[in-house]
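Accompanying notes for the structure given below.
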Amino acid sequence: MGKSLAYKIIEEHLVSGTMKPGEEISIRIDYTLTQDSTGTMAYLQFEAMGIPRVRTKKSLAYIDHNILQSGPENADDHKYISTVAKKHGIYFSRPGNGICHQVNLERFGVPGATLLGSDSHTPTGGGIGMIAIGAGGLDVAVAMGGGAYYLSMPRIVEMKLKGELKLGVSAKDVILEILRMLSVKGGVGKIIEFTGEGVKSLGVPDRATITNMGTELGATTSIFPSDEITRDFLRSQGRENDFIPLSADPDAYYDEHLELDLSSIEPLAACPHMPDQVKSLDEIGHIKVDQVFIGSCTNSSYKDMMRAAAILKGHTVAEDVSLVIGPGSKQVLKMLAENGALADMIDAGARILECGCGPCIGMGQSPKTNGVSLRTSNRNFYARSGTASAGVYLVSPETAAASALKGYLCPASEVLSDMSVLDIEMPDIFYVNDNMIVEPAPEGNDVEVVRGPNIKEFPINHALNEKVTGEVLLKMEDNITTDHIMPSNAKLLPYRSNVPYLSDYCLTPVDASFPARAKELGGGILVAGQNYGQGSSREHAALVPLYLGIKAVISKSFARIHASNLINSGILPLTFKDESDYEKISQGDNLEICDAVRKVKGDIPFTVLDKTSGYEFEVELNISARLRGIILAGGLLNYTRERSGQ
């Protein structure tokens, strides 16, 4: 029996463990990336480890999230990141150079390599055949220091593609169709590997869109083969030497098999407020649109921008629509400016944003009250846009551009009489100028690391107590996202390095009184439904609850990255053994875990007593012995220090 591509790359990088689904393994990390929303904390943690220089092949720090500078906080963080990067051997991508995933794909991605990023959409790198995984900042800091990355060996799922997409249907519609098939938790514990004849019809930007939003499936990562299409892309970037052919064996073994006919897909949209609430445009109908955003790490490539420009050319944006466009990188923006496509966009009435994440993360361009916003980004979680009452729909660039012209949701075919204009030919040579990438100082330098007044110490837990007690401060439903736990918007993003400030906003979308109650009671316990913590890799969704004294989260299930971040913070991530027990717990109940150390070690059954009702129920801690050790130590930083003797 042959091997899948994902299996081969993991095997090549395996440090420890057995590659059986569910077993803990560790892998060597070749490259890391951070962005400024998560990077400040990651580098503070890296400094706390006391390692003088990164030990990866290359580590990169991008500034792309917090680029709206309405006060000194963001600029101060950028100065800190630039100086800590220069000191410790990290390449620094300056503001304006572009979105981390787009620039990394263009300039640094290498087929067959491993990439760990402190951003949940790091799997974008799977579009060129990388094992690219999103993680919390502390995991990335450990990898930068040369440490292995630990994870449960995923199940590898074959997604066989056949046929070709019709003009007017794009890669965004492909991943929306897969989300409709599998749901936002359908990829948990899995790697989605794309195979089949249909792969050859998709360019690297298309593949990257699909692997980017594989994150919304809950997948560990997604991956395409590295083939002649990959070679052409790397050659156009002046990086053909980075190419190696990679694919699954003809008789490769997969844990699951799925199939998708690309020719059967129609233009789709994800309806509010979840990426898997997918319907066809016909099903939704001609709803009035107030705002359109084309961009984000999902759909800001040259190809995406050119298709949008082709639709907009010679037309005018509808009177009641605000259209904003954010190219993904300086490279893309420069090429659009030179070939006239940027002028076509501007002439149509589009507002051009700088190369960054922008509206995708609520950093500007919030819709009006009760507005309908079409976005080519990857998430439409409640209130993520910055306007809680808005309805955000996720669509392709083609649908977005056409709808901006018509003023209502519609496919490109309602605007274009000649659909062949969407058949964009990729340039043989892309514009390449890496002058916005700052190289680190030589080893042994004396660079001063500059810390602004907004940078505060991050909370560190203590070793696990024998008894864990607390009130159920919140009882939550299914699919609570990291945007619920630690909101991310233009007002709060500048304070990502200030946990005490952020604590006043923790879980406020669920209950505005939560922070005050948590502080008054000195912390407690959280209870939730399925898929708790889906969404971003932001470890602030664990660090801020830690600061507020949260000792444990009991849920029906967890999203992968958030569970890891809770463990890294020393917070117990417990799951109900019998999900019906969820119904028997009420907010305000007092819970108690006696003999907590023995229970975490696995010596005795893990029971929790509801002292309010007198009911005792069993929970599970389905983690490895190493992760149990991290919980016992009070988090990964303590655990690492103990093992290094610091």
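The values are calculated or read from the model by the stated rules, or taken from the named source; none is laboratory data. None of these values were measured; they are calculated from a predicted model. Backbone-built Cβ (ideal geometry, glycine too); neighbour counts: all protein chains shown.
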- prompt: Yes or no: residue 71 over 23 Å from residue 148 (Cα atoms) and either touching a residue at least 60 places away in the same chain (Cβ under 8 Å) or surrounded by fewer than 16 Cβ atoms within 10 Å (Cβ to Cβ) (or both)?
  reply: yes
- request: Write out, first by first residue and then by second, each pair whose Cβ atoms fall under 9 Å of each other, whose residues are 6+ apart or on separate chains, and whose first residue, in segment 438-463, is surrounded by fewer than 16 Cβ atoms within 10 Å (Cβ to Cβ) while the second is modelled with pLDDT of 95 or more and among the polar types (S, T, N, Q).
  value: 447/83; 448/83; 450/82; 450/83
- line: Quick count over segment 80-107, residues being surrounded by fewer than 24 Cβ atoms within 10 Å (Cβ to Cβ), in a loop (DSSP other than H, G, I, E, B) and over 20 Å from the mean Cα position of the chain (by Cα), is 3
query: For segment 108-128, how many residues meet the condition of being closer than 20 Å to residue 248 by Cα and under 18 Å from the mean Cα position of the chain (by Cα)?
result: 9
field: Filter result (under 15 Å from residue 301 (Cα atoms) and surrounded by 16 or more Cβ atoms within 10 Å (Cβ to Cβ)) within segment 420-430
entry: 422, 424, 426, 430
query: Quick one: residue 581 ticks every box in (1) of a type in the set (D, E, K, R); (2) under 21 Å from residue 465 (Cβ atoms); (3) modelled with pLDDT of 95 or more bar one, so which box is it?
result: (2)
- line: Filtering strands (runs of 3 or more DSSP E) wholly in segment 210-316 for at least 2 residues that are touching a helix residue (DSSP H, G or I) at 6+ places or on another chain (Cβ under 7 Å) gives 221-223, 268-270, 291-294
message: I'm checking my understanding of the structure. Among residues of segment 479-519 that are outside any helix (DSSP H, G or I) and among the aliphatic types (A, V, I, L, M), which one is farthest from residue 589 (Cα to Cα)?
response: 490
message: Go through segment 9-32 and report how many residues are crowded, with 18+ Cβ neighbours inside 10 Å and either of a type in the set (Ser, Thr, Tyr) or part of a helix (DSSP H, G or I) (or both).
response: 5
query: In segment 325-426, which helices (runs of 4 or more DSSP H) lie fully inside it and hold 1 or more residues that are closer than 18 Å to residue 172 by Cβ and not hydrophobic (A, V, I, L, M, F, W, C)?
result: 397-406
- prompt: Among the residues of segment 408-456, which ones are under 30 Å from residue 268 (Cα atoms) and either in contact with a His (Cβ under 9 Å, 6 or more places away or on another chain) or of a type in the set (D, E, K, R) (or both)?
  reply: 408, 409, 410, 414, 415, 418, 423, 425
task: Output the number of the condition that residue 340 fails; it satisfies all remaining conditions of (1) small (Gly, Ala, Ser); (2) surrounded by fewer than 20 Cβ atoms within 10 Å (Cβ to Cβ); (3) within 30 Å of residue 383 (Cβ to Cβ); (4) free of Cβ contacts under 8 Å to residues at least 60 places away in the same chain.
output: (3)
field: For residue 63: the one exception among (1) buried (at least 24 other Cβ atoms within 10 Å of the Cβ); (2) of a type in the set (Val, Ile, Thr); (3) under 30 Å from residue 4 (Cα atoms)
entry: (3)
